[in-house]
Amino acid sequence: MRTRLITSLPLLALAVSAMGALSAPVKTAGGVSGTITFTGTPPRMRPIDMSKEPSCASQHPTPVMTETVMAGAGNTVQNVVVYISAGDQAGAAAAQPVRYDQKGCQYVPHVLVMQVGQPLEIYNNDQTSHNIHPLATINPEWNKSQPPGTPPIKATYAKPEFITVKCNVHPWMHGYFAVLATSHYAISGNDGKFSLAGLAPGKYTITAWHEKFGTQSQEVTVSASGTVTANFVFKALPY
Ligand SMILES: [Cu+2]
């Protein structure tokens, strides 16, 4: 175990630096970029027991871990939705559907971002039935069964909302829909980095949402070119 850890470290460093290069700010347009970190001790992620669903358990050679807080090196945190919450110009919703997969009795991605009115398509890739149940409180709440091999479930949400998603068959399945009024959003990678590009000059409120750490906002002023830095530091409470 120790040997594996040591030999995988250089690879990890390479992967992290490559991700950083990919998310480098675009020089020709205004934008906001930053890093999401936390202070304190994060909750420990736990292995999920899928033995009640052998068709899913057999897809995972090693136990799947819960994804509530996916911390990276240097207390960075993944799956933070960063978006413009005030100051954005109104625009039409993207026509391109967003895709949510049920695969190996997990939701992929764990957090799915979509715009208000954007088509959502939910796929069952498994050999078992799921019953997806997004626990909306602002938008209408529904749940739908989806046996193996059936077409995708199609839906849209009319109002902005962060919606917890669960499966009524498999209690460990857990995810989120982030329904946003803006087309300017990003989701942090494991290096905690995000980048919002192509912003017109002006003042904006940038909000960062995390399923466990909550929400933070800050004001930024974007110039005609160049990227403003906006870092967010969450506090992990004792669990
Ligand atoms: Cu399920």
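The values are calculated or read from the model by the stated rules, or taken from the named source; none is laboratory data. Quick caveat, the model's predicted, so the values are computed rather than measured. Every residue, glycine among them, receives a Cβ derived from its backbone with ideal geometry; neighbour counts consider all protein chains shown.
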Residue within segment 95-105 that is assigned by TED's automatic domain parsing to the domain that holds A230 and more than 26 Å from P147 (Cβ to Cβ) present: no
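This table checks each residue for (1) in contact with a Leu (Cβ under 7 Å, 6 or more places away or on another chain); (2) away from the ligand (no atom under 16 Å from the Cβ); (3) among the acidic types (D, E).
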| residue | (1), (2), (3) |
| --- | --- |
| I163 | yes, yes, no |
| T182 | no, yes, no |
| S188 | no, yes, no |
| I206 | no, yes, no |
| E211 | no, yes, yes |
| T215 | no, yes, no |
| V220 | no, yes, no |
| V228 | no, yes, no |
Lone qualifier among G91, G30, G72 - being in contact with a helix residue (DSSP H, G or I) (Cβ under 9 Å, 6 or more places away or on another chain) and at negative phi: G72
Qualifying residue in segment 139-159 (condition: in contact with an Asp or Glu (Cβ under 6 Å, 6 or more places away or on another chain), closer than 30 Å to G74 by Cα and more than 11 Å from the ligand (Cβ to nearest atom)): no
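Tell me the residue from G192, G175 that is farther than 16 Å from D126 by Cα, buried (at least 21 other Cβ atoms within 10 Å of the Cβ) and within 16 Å of the ligand (Cβ to nearest atom), please.
Result of the check over G192, G175: G175.
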Residues (under 21 Å from the mean Cα position of the chain (by Cα) and in a loop (DSSP other than H, G, I, E, B)) located in segment 42-57: P42, P43, R44, M45, R46, I48
Yes/no for V108 being free of Cβ contacts under 8 Å to residues at least 12 places away in the same chain, of a type in the set (A, V, I, L, M, F, W, C) and either within 16 Å of the ligand (Cβ to nearest atom) or under 30 Å from S58 (Cβ atoms) (or both): yes
Identity of the residue in segment 143-162, more than 22 Å from the chain's Cα centre (by Cα) and of a type in the set (S, T, Y), that ends up farthest from L180 (Cα to Cα): T150
Candidates A73, A90 - the one that is exposed (fewer than 12 other Cβ atoms within 10 Å of the Cβ) and either free of Cβ contacts under 8 Å to residues at least 12 places away in the same chain or part of a loop (DSSP other than H, G, I, E, B) (or both): A90
Some residue of segment 121-144 being surrounded by 15 or more Cβ atoms within 10 Å (Cβ to Cβ), touching a residue at least 60 places away in the same chain (Cβ under 8 Å) and part of a loop (DSSP other than H, G, I, E, B): yes
